[in-house]
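Scroll down for the structure; my scribbles are underneath it.
The values are calculated or read from the model by the stated rules, or taken from the named source; none is laboratory data. What you see is a predicted model; the values in this text were computed from it and never measured. Cβ atoms come from the backbone with ideal geometry, glycine included; neighbour counts cover every protein chain shown.
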DNA sequence: TGGATTGTGTTATGAGATAACATAACAATA
DNA sequence: TATTGTTATGTTATCTCATAACACAATCCA
């Protein structure tokens with residue numbers, strides 16, 4: 001997404017219309033449960049993430065924030081992203097400096113991604129960190145969150 | 001390392017003296033095999049990484065580069081880091097924007113870290129990406145490199 | 001020995017993120 | 001329903017991290 005690649009980017013198509021509405025409603029609900037507030041800037045950033053076909057940079061969000069074209073100030077967006085990450089609504093992809101909405105219900109603070117170096121797609125998959133958590137335990141670590149990023153080529157980009 | 005934490009940082013003590021010399025010699029050897037050149041700036045950056053007790057930021061390396069106190073120019077260090085990562089001598093820890101020497105022989109381009117949010121230690125451990133690689137294959141991805149970063153507390157920092 | 005390749009030096013600038021402080025909205029409760 | 005603590009936002013400025021672009025030097029190799 002947002003790349004120079006000619007292939008389709010089908011990893012996670014962006015939401016729109018009622019699908020988007022439902023996703024936002026669900027987020028509202030989960031916030032209520034968690035005694036957290038999905039305030040307008042937070043909701044707007046989540047909306048932008050959900051609408052996107054692929055990972056968005058912070059400054060993409062900043063530029064797209066205002067519905068009338070006015071950008072947001074950086075802290076507005078970074079704060080919203082912090083919130084969304086804390087609640088598990090979004091993930092930061094470290095190796096891309098980019099953000100995606102969480103696609104996996106109840107993934108908590110751990111996430112795993114398959115990132116295509118050609119088309120830029122980032123597919124979230126169900127993390128199974130069994131072996132890694134076992135290794136952490138052996139080393140005496142108390143793990144709070146795990147992120148895994150696998151770089152390579154998606155199916156479409158291999159067949160070129 | 002470089003943190004505000006009072007705990008010891010025993011993850012990977014830095015090398016010095018003959019241990020450092022041996023590690024650098026080994027790197028020379030591996031470069032020769034790979035038809036790559038461990039030029040002075042590359043060797044210097046590797047040396048700094050090996051000497052450190054913990055992850056180093058790029059600008060730490062830039063500041064420490066000159067033996068007489070003169071800093072390096074950023075591209076000098078970033079290029080050396082690129083080289084060292086390409087050859088598997090160093091890893092970038094994405095969630096820290098920092099770099100460590102590779103501690104695992106033949107780890108290639110994949111790496112896994114246990115990162116202590118208190119003392120800043122980053123312990124590299126032997127990656128076993130079995131389940132994740134299986135998931136990638138099911139999704140049709142061709143994986144080139146995997147990095148995993150587990151955040152939490154090391155043993156010492158839990159018992160505070 | 002000359003051309004291609006790879007690496008370095010240098011200047012400048014682009015991208016990503018946060019500190020600090022003032023103000024506003026909300027929630028609890030007295 | 002005024003008061004107070006807490007949480008969130010708005011705003012300015014600045015900091016950290018990383019790379020583009022180009023000239024020059026060293027090395028490789030036909």
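Data overview
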| read-out | value |
| --- | --- |
| Criterion (more than 7 Å from chain B (Cβ to nearest Cβ), without any contact (Cβ under 8 Å) to a residue 24 or more places away in the chain and not in a loop (DSSP other than H, G, I, E, B)) met by exactly one of A:124, A:137, A:68 | A:137 |
| For residue B:131: the one exception among (1) modelled with pLDDT under 95; (2) within 7 Å of chain A (Cβ to nearest Cβ); (3) part of a loop (DSSP other than H, G, I, E, B) | (3) |
| Whichever residue in segment B:114-131 is within 12 Å of residue B:146 (Cβ to Cβ) and touching a strand residue (DSSP E or B) at 6+ places or on another chain (Cβ under 6 Å) and, among such residues, is surrounded by the most Cβ atoms within 10 Å (Cβ to Cβ) | B:127 |
| Pair list, Cβ < 6 Å and 6+ apart or interchain, from segment B:78-98 residues that are closer than 13 Å to residue B:147 by Cα and within 8 Å of DNA strand D (Cβ to nearest atom) to residues that are modelled with pLDDT of 95 or more and in a strand (DSSP E or B) | B:92/B:99 |
| Filtered residues of segment B:144-160 (kept if surrounded by fewer than 19 Cβ atoms within 10 Å (Cβ to Cβ), touching a strand residue (DSSP E or B) at 6+ places or on another chain (Cβ under 8 Å) and either assigned to a strand (DSSP E or B) or more than 7 Å from every other protein chain (Cβ to nearest Cβ) (or both)) | B:144, B:145, B:152 |
| Residue that is nearest to DNA strand C (Cβ to nearest atom) [pool: residues in segment B:75-102 that are buried (at least 18 other Cβ atoms within 10 Å of the Cβ) and in a loop (DSSP other than H, G, I, E, B)] | B:87 |
